[in-house]
Amino acid sequence: MRADLEIIQKWIPANSRVLDLGCGDGELLAWLQENRNVTGYGLEIDADNIAACIDKGVNVIEQNLDLGLGNFANDSFDVVVMTQALQVVHYPDKILQEMLRVGRTCIITFPNFAHWRCRWYLAHKGRMPVSDFLPYTWYNTPNIHFCTFTDFETLCSDMQMTVLDRLAVDHQYRQNVGNRIWPNLLGEIGIYRVTGANAR
Amino acid sequence: MSSVYPADSVGLVSPKVAHFTQPLRLACGRTLDQYELTYETYGELNATASNAVLICHALSGTHHAAGYHHADDRKPGWWDSCIGPGKPIDTNKFFVVSPNNLGGCHGSTGPSSRNPKTDRIYGADFPVVTVEDWVHSQARLADLLGIEQWAAVVGGSLGGMQALQWTISYPDRVRHCISIAVAPRLSAQNIAFNEVARQAILTDPDFYAGHFVEEGKIPKRGLMLARMVGHITYLSDDSMGEKFGRELKTDRLNYDFHSVEFQVESYLRYQGEQFSNSFDANTYLLMTKALDYFDPAAEHAGDLTATFACAKANFYIISFTTDWRFSPARSKEIVDALMDAKKNVSYLEIDAPQGHDAFLIPIPRYLQAFSGYMNRISL
């Protein structure tokens with residue numbers, strides 16, 4: 001299983017109802033269905049990914065996250081997951097708000113733009129960072145809302161979210177001493193489990 | 001005469017007729033004491049009867065969904081692009097049953113059949129049938145064929161409505177519901193178009209209050225107009241623009257009202273003309289009424305979630321971007337209700353320029369996604 005999903009699955013209780021935003025090829029839901037008796041849906045807009053979900057027997061709904069989650073009732077899912085999509089959506093704060101409304105807990109992963117390599121690239125070359133992990137140039141990137149760990153934590157606090165778990169990992173989703181001590185400098189990817197201020 | 005059919009065709013097929021003598025009580029309150037359903041089958045029913053797929057047809061469809069009736073047929077059945085060996089509804093895997101609906105005009109008992117009680121053609125005396133009635137009659141056909149549970153019930157448009165109704169009326173008898181280019185109920189605009197079509201037929205002097213057969217007449221003009229207005233709603237603005245634009249049949253404008261000048265006029269007249277030669281006007285009226293009346297949520301005060309609460313099937317809903325008759329938003333209403341009711345459902349919105357008719361067209365992503373789902377159905 002994809003390394004980030006390996007981490008995330010541990011935070012998803014058995015028998016829970018899960019909504020996976022930008023579910024990709026459905027790997028997480030397929031595994032959870034198989035091993036944790038989880039039910040739920042993946043939202044996706046890429047045709048090949050949708051086909052892959054169908055092949056896996058994952059419930060997939062063709063729905064654009066930028067149009068919101070208005071079709072889902074409050075608290076209708078135990079867990080709402082969004083991996084590597086926060087930086088792609090048009091209104092990250094609004095989608096977070098929606099996730100907190102629809103789900104009791106939310107799991108979010110995103111790339112940390114304050115990682116030392118990004119900082120060095122920008123400082124040294126004076127250009128927007130391009131790497132194997134983030135391979136796009138500024139004008140054709142789907143990533144339109146980069147943030148840092150500190151930015152995200154600030155947003156969490158502004159939105160009165162409670163951070164239940166946080167992990168800073170490298171691009172292979174490994175933890176080490178460095179990214180434990182200086183997450184905003186040495187962590188490449190953030191993995192957060194949050195809940196809304198008014199959650200029970 | 002010998003003929004070679006494509007390898008992915010079901011080849012030469014012939015319709016069968018099932019005769020039912022157990023009275024069928026209809027939603028309108030009337031009862032059909034006996035009736036016939038004409039149907040075709042493709043593929044083989046397996047030993048446990050677990051591989052049966054029911055095809056439900058749309059407004060002008062027939063039981064002839066795939067293959068050829070005669071070696072020299074120019075065109076195969078109406079959904080040949082989706083039914084056959086290796087096609088989305090793979091006849092190597094599935095046993096496909098495709099009936100003509102009750103009230104139809106292609107073999108099943110309908111307005112153009114003889115009423116055994118009076119020995120006269122039913123005409124306007126044929127009862128109004130609903131989607132629910134069709135589903136009940138199809139269930140009797142399933143009984144007759146020894147099919148306790150369909151692996152899948154599949155249909156587009158009005159056929160998709162029957163597929164949905166199956167999951168509500170017979171939750172234990174459907175494992176998968178594939179409903180394409182559909183709506184949970186007609187909008188006022190949809191009903192309005194149907195009403196124009198009906199008025200075209202009803203006001204045709206050759207309609208004779210529905211007893212035109214006995215008068216030796218056909219309300220051809222009315223039927224033609226009905227088809228023309230219907231046909232406009234099956235296409236998209238883009239597809240009509242692409243196909244006809246403002247292209248003229250003649251090299252100049254005639255400044256009169258009777259010449260066929262624009263290509264689109266010629267096309268619509270041809271479609272109407274063809275249709276009026278092969279379709280029964282009373283059946284057209286019935287089909288449009290069945291569409292207008294379809295509203296499974298009505299019994300639940302309009303609550304679609306509650307409507308599907310009893311359903312046990314897995315759902316696969318597909319819409320097409322330029323379909324304005326039953327737009328993606330209408331399919332989404334169904335999908336949202338199904339998710340709210342915690343049912344297994346997947347939903348695809350296929351980018352296609354062809355409008356409502358797209359469900360009949362072999363669009364690569366559509367066929368691939370359709371195959372992907374059907375392949376996973378376990379028998």
Practice item. Look at A:E27 and say whether it is more than 14 Å from chain B (Cβ to nearest Cβ) and either within 25 Å of A:C156 (Cβ to Cβ) or open to solvent by less than 30 Å² (accessible area, probe 1.4 Å) (or both). Key: no
Exercise for review: Give the stretch B:158-203 a look and list any residue that's part of a loop (DSSP other than H, G, I, E, B) and either open to solvent by less than 10 Å² (accessible area, probe 1.4 Å) or of a type in the set (K, R) (or both), or say none.
Suggested key: B:R175, B:A181, B:V182, B:A183, B:P184, B:R185
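Would you check which residues across the stretch B:255-302 are acidic (D, E), farther than 25 Å from B:V128 by Cβ and without any contact (Cβ under 8 Å) to a residue 24 or more places away in the chain and list them?
Scanning the stretch B:255-302 gives B:D256, B:E261, B:E265.
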Point to revise | Checking B:F315 against (1) more than 13 Å from every other protein chain (Cβ to nearest Cβ); (2) on the phi < 0 side of the Ramachandran plot, the condition it does not meet | key: (1)
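Right, A:R166: touching an Asp or Glu at 6+ places or on another chain (Cβ under 6 Å), assigned to a strand (DSSP E or B) and surrounded by 13 or more Cβ atoms within 10 Å (Cβ to Cβ) or not?
no
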Practice item. Just name the residue that is surrounded by the most Cβ atoms within 10 Å (Cβ to Cβ) out of those in the stretch B:334-356 that are over 16 Å from A:L29 (Cβ atoms) and among the aliphatic types (A, V, I, L, M). Key: B:L338
Check your understanding: Cβ-Cβ below 9 Å, separation at least six or inter-chain, first residue in the stretch B:26-46 and assigned to a loop (DSSP other than H, G, I, E, B), second among the basic types (K, R): which pairs?
Key -> B:D33/B:K117; B:G43/B:K93
Practice item. Among residues belonging to the stretch B:364-379 that are more than 8 Å from chain A (Cβ to nearest Cβ) and free of Cβ contacts under 8 Å to residues at least 24 places away in the same chain, point out the one that is least open to solvent (accessible area, probe 1.4 Å). Key: B:S378
Study note, to complete from the structure: Within the stretch A:30-43, residues within 18 Å of the chain's Cα centre (by Cα) and within 10 Å of chain B (Cβ to nearest Cβ) come out as A:G40, A:Y41, A:G42, A:L43
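Yes/no matrix, rows are residues, columns are (1) touching a Leu at 6+ places or on another chain (Cβ under 9 Å); (2) more than 9 Å from chain B (Cβ to nearest Cβ); (3) part of a loop (DSSP other than H, G, I, E, B):
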site	(1), (2), (3)
A:I50	yes, no, no
A:F72	yes, no, yes
A:V79	yes, yes, no
A:H90	yes, yes, yes
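The values are calculated or read from the model by the stated rules, or taken from the named source; none is laboratory data. These numbers come from a predicted model, not from an experiment. Quick reminder, even Gly has a Cβ in these numbers, built from the backbone with ideal geometry, and neighbours come from all protein chains shown. Heavy atoms of the whole protein, side chains included, go into the accessibility calculation; ligands, DNA and RNA do not. Shrake-Rupley method; radii C 1.70, N 1.55, O 1.52, S 1.80 Å.
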